[in-house]
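Since the structure comes first, as structure tokens, the remarks are kept for the end.
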Amino acid sequence: MIALALVGLLTIQAPAPKVDSSQEKKSSQSSSSESYATWPDRLAREKVKAFEKAVKPKKASMADRKRALGELKGGISQHLVKPLQKFIEKDSSIVLKREAVQMLAVQPKKSAKKAVLKLLDNAAVTGNPQVQAGLIRALGRTGYVQKDWKQIARVFESDYDNERIPVHEAILELVRDHKEPQAIPLLLNNMDEPSPESVDAADNPPREYWKARWHAWAAWKPKVKEAMKAITGQDFANADEARAAWLKKNRLK
């Protein structure tokens, strides 16, 4: 009964959308390929002063703000962290926010990570999936440790809206790259094709939920298995196999 219902649900759905990550890749490649150098304190302070003066006016155009932000590119300094954080919090342009996040990620790790964690705790900032995804990647670059998992543990499964796919992907990449064992329950919950336990149950989410979740799963399902392999060292075909072959022998602390 459940299987037939699920088949009926999926057959009337459009094919899973291909998430165009070309723009994200170009942006990432641009950031990683750019030459960065540690600035002397005097130079950094001068740059920050000019930057803050340029972006302070409420009517400063996007072109002017972009030009001002560009003047900080290539620099590494403790003095850049707070101005970048403030810019990410307050600027209205998602494009410029994303650029600032990439720049923040290469600043001195201790202070940059502190800023990233504060931004991840700011709902007004994380309301945009592209910015939130960038911050999660920045967290991975600025010294992620296991105690940081609690800050993003609920983010993945809190919303399967397809606009949040970049956030899901960023979390899965973080889990994979840092071999985060605390994410194993999340990976198991999202390894297999999503389906309701009982389509007739009163608490079963509506059809729109399952449609969005299926499309999201179709977009990032390979990353789930990649992350699981990074943690366990094994390939699993499905969640049941993972539980039987590995979890029974490796209890989570």
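The values are calculated or read from the model by the stated rules, or taken from the named source; none is laboratory data. Predicted model, so just to flag it, every value in this text is computed and none were measured. Heads up, the Cβs are rebuilt from the backbone with ideal geometry, glycines too, and the neighbour counts pull from every protein chain shown.
Worth a mention:
- Within segment 33-50, the residues that satisfy the criterion of being assigned to a helix (DSSP H, G or I) and out of contact with any Pro (no Cβ under 6 Å at 6 or more places or on another chain) are SER33, ASP41, ARG42, LEU43, ALA44, ARG45, GLU46, LYS47, LYS49, ALA50.
- Selected residue (criterion: modelled with the lowest pLDDT) from residues of segment 182-216 that are aliphatic (A, V, I, L, M) and assigned to a loop (DSSP other than H, G, I, E, B): ALA202
- Of the residues screened, GLY127 is not one that is under 30 Å from LEU43 (Cα atoms) and of a type in the set (Gly, Ala, Ser).
- Only listed residue being within 30 Å of PRO222 (Cα to Cα), modelled with pLDDT of 95 or more and either out of contact with any Lys or Arg (no Cβ under 9 Å at 6 or more places or on another chain) or part of a helix (DSSP H, G or I) (or both), chosen from GLN23, GLN102, GLN85: GLN102
Residue-by-condition table, conditions (1) free of Cβ contacts under 8 Å to residues at least 60 places away in the same chain; (2) surrounded by 15 or more Cβ atoms within 10 Å (Cβ to Cβ); (3) of a type outside the set (Val, Ile, Thr):
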{"site": "LEU69", "(1), (2), (3)": "yes, yes, yes"}
{"site": "LEU80", "(1), (2), (3)": "yes, yes, yes"}
{"site": "LYS97", "(1), (2), (3)": "yes, yes, yes"}
{"site": "ALA105", "(1), (2), (3)": "no, yes, yes"}
{"site": "VAL116", "(1), (2), (3)": "yes, yes, no"}
{"site": "GLN132", "(1), (2), (3)": "yes, yes, yes"}
{"site": "LEU135", "(1), (2), (3)": "yes, yes, yes"}
{"site": "GLY143", "(1), (2), (3)": "yes, no, yes"}
{"site": "GLU157", "(1), (2), (3)": "yes, no, yes"}
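- The numbered conditions (1) part of a helix (DSSP H, G or I); (2) under 17 Å from the mean Cα position of the chain (by Cα) are all true for GLY143 except (1).
- Pairs meeting the criteria (first residue in segment 231-253 and outside the structural domain of PRO185 (by TED's automatic domain parsing), second residue at pLDDT 90 or above and in a helix (DSSP H, G or I), beta carbons under 7 Å, at least 6 apart or on different chains) are lacking.
- Scan of segment 123-144 for residues that are among the small types (Gly, Ala, Ser) and more than 24 Å from GLN182 (Cβ to Cβ), ordered by number: ALA124, GLY127
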